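Trainee: I'd like to ask you about the structure that follows.
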Amino acid sequence: MRWMFVVVAVVALAAGFAGGYRFELDRATPDKIITQVVNKDQVGSGPAVDFSLFWQVWDKLHAEYVDAATLDSQKLVYGAIAGMVNAAGDPYTQFFPPVESQKFQEEVTGAFSGVGMEVGMRDGAITVIAPIKDTPAMRAGIKAGDIILKIDGQATDGMSVDEAVNKIRGPQGTTVTLSIEREGQQAPLEFSIVRDVIKVPAVDWKLIDGHIAYLQIYEFNGNVDSEFDAAANEIVKSGADRLIIDLRDNPGGLLDSAVDIAGWLMQRDSLVVQEKMGDGSVTQLRSTGDGRLAGMKTIVLVDGGSASASEILAGALHDIRGVQLVGEKTFGKGSVQQLQDFFNGSSLKVTVAKWLTPNGISISETGIKPTVEVKMDPTDPNAKNWEYGTPGKDPQLDKALELIK
């Protein structure tokens, strides 16, 4: 199973935004836990790396630290591993100790406790990728692109995504206070949000004007395949002849699910996405469905909160079917992560590939530009009347309806 990480971290959702995941298990057994280190300054085979400094620091720390008795050796090892992984310089490559690993994998299932928003690192700042529908974060007014300056009064400068997520998460019913920098606002905004159990919806749909199916995909989580299949079958039975797919504020998720869903919307064996590996080889992922919705005139809504798996689906429909993309430039998450599980419950999420649209376009950092741009500026005097998904109150949806009619 592959997971597209957006920048990840489901703030209070997650740890770690969306490329893909392959879940694998390290077959090491508990009897391989190190109880004694020998030849600790010898590297053995492989590149010549002097590892003696690590052990000198380890020994000096235990010998000189004022509260040496309080040092947790296992915690120090996890910290050393995390530091090594972080030194790769890739915000999507992360090490998770057992507790954090369990939290992360729970989020993939689509249910967890928190405030309900995806966060990640952008330009060195902890940034909201997208709030999740019907969650405390969305009800409080958190928006995609918000920069989190402080969490309960603590500045996020120098804070990792994992650290921010852990501080924002907490037991149901407790409160977290966020200081937010928002474009167009002169001063930071303060939000006090009560944490709750978050159940992430994947899909919703309705008929507009009796014949246009308006389908929202909120996230490519563990529920999306079954929910999309049910919605697609209902759309077929409804007699709808046109389709608007709303991928706004969709932070991504399971890459395999994006490919499977494309099977409903594209002819069988259509190219959906290309994965370019570190050795230069390219793997093509193709649709395998029956394309039952492929004959419907389709428009896709996107914005700055559309990332990873949602960008893959939008890019595939645009490149292969010429589907118009309406809205604003997407987030720009174009790499694939593999999740490696280890025997003690820890895990490593590592970037193993970059993905390209069917036309060979890499969108990392740049995003996908819409074919029809419709900006929704929060400083617009009419912004207070906007209501996503409601004709007449959603400028981007209104443009899509105009075009599809």
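Bear in mind that the values in this text are calculations on the coordinates, not laboratory data. Everything quoted here is computed from the prediction, not taken from an experiment. So basically every Cβ, Gly included, is an ideal-geometry build from the backbone, and we count neighbours across all protein chains shown.
Trainee: Using the alpha-carbon centroid of each, what span in Å lies between segment 195-263 and segment 353-381?
Mentor: The two parts, judged by their Cα centres, are 20 Å apart.
Trainee: Modelled label-to-label distance, LEU189 and GLU387, 7 Å Cα→beta-carbon offset: nm?
Mentor: 2.0
Trainee: Calculated FRET efficiency, GLU373 and SER73, Cβ-Cβ r, R0 51 Å, to nearest 0.05?
Mentor: Between GLU373 and SER73 the formula returns 0.40.
Trainee: Testing the spin-label approximation: label points 7 Å from Cα along Cα→Cβ at GLU64 and SER52. State their distance in nm.
Mentor: Each label point lies 7 Å from its Cα, and together they span 1.8 nm.
Trainee: Follow-up question, since we're still on this one. Given LYS103/LYS333; LYS150/LYS206; LYS237/LYS333; LYS276/LYS399, which pairs have Cα atoms separated by over 28 Å?
Mentor: In this structure, LYS150/LYS206; LYS237/LYS333; LYS276/LYS399 exceed 28 Å between Cα atoms.
Trainee: Next question, about the same structure. Counting other beta carbons within 10 Å of each Cβ, put TRP55, TRP264, TRP355 in order, fewest first.
Mentor: On the way: TRP55 12, TRP264 20, TRP355 28.
Least crowded to most crowded, the residues run TRP55, TRP264, TRP355.
Trainee: Another question, if that's okay. For the chain, what does the helix formula give at 222 nm: sum of -39500 (n - 2.57) over DSSP H segments with n ≥ 4, over the residue count, nearest 500 deg cm²/dmol?
Mentor: Theoretical 222 nm ellipticity from helices: -7500 deg cm²/dmol.
Trainee: Another question, then. Determine which residues of segment 234-264 fall in the zone a paramagnetic label at THR283 would reach in this model, i.e. backbone nitrogen under 11 Å from the point 7 Å along Cα→Cβ.
Mentor: Within reach of a label on THR283, which here means backbone N under 11 Å from a point 7 Å along Cα→Cβ, segment 234-264 contributes 256.
Trainee: Take the Cα gyration tensor of the chain, multiply each eigenvalue by 5, square-root it, and list the three semi-axes largest first, rounded to whole angstrom.
Mentor: Taking √(5λ) for each eigenvalue gives 40, 26, 18 Å, largest first.
Trainee: Going by C-beta contacts inside 10 Å, put SER226, SER160, SER257 in order with the fewest on the left.
Mentor: SER226, SER160, SER257
Trainee: Strictly greater than 16 Å: what percent of every Cα pair in segment 154-215 meets that?
Mentor: Looking at segment 154-215, the distances longer than 16 Å represent 67 percent of pairs.
Trainee: Follow-up question, since we're still on this one. Pairs to check: LYS297/LYS375; LYS375/LYS405; LYS143/LYS297. Give those whose C-alpha atoms are more than 25 Å from each other in this structure.
Mentor: LYS143/LYS297
Trainee: First select every other residue whose beta carbon is under 9 angstrom from the beta carbon of THR298; then total the charges, Lys and Arg +1, Asp and Glu -1.
Mentor: Numbers: positive: ARG242, LYS297, ARG321; negative: none.
Counting the neighbours of THR298, the net charge comes to +3.
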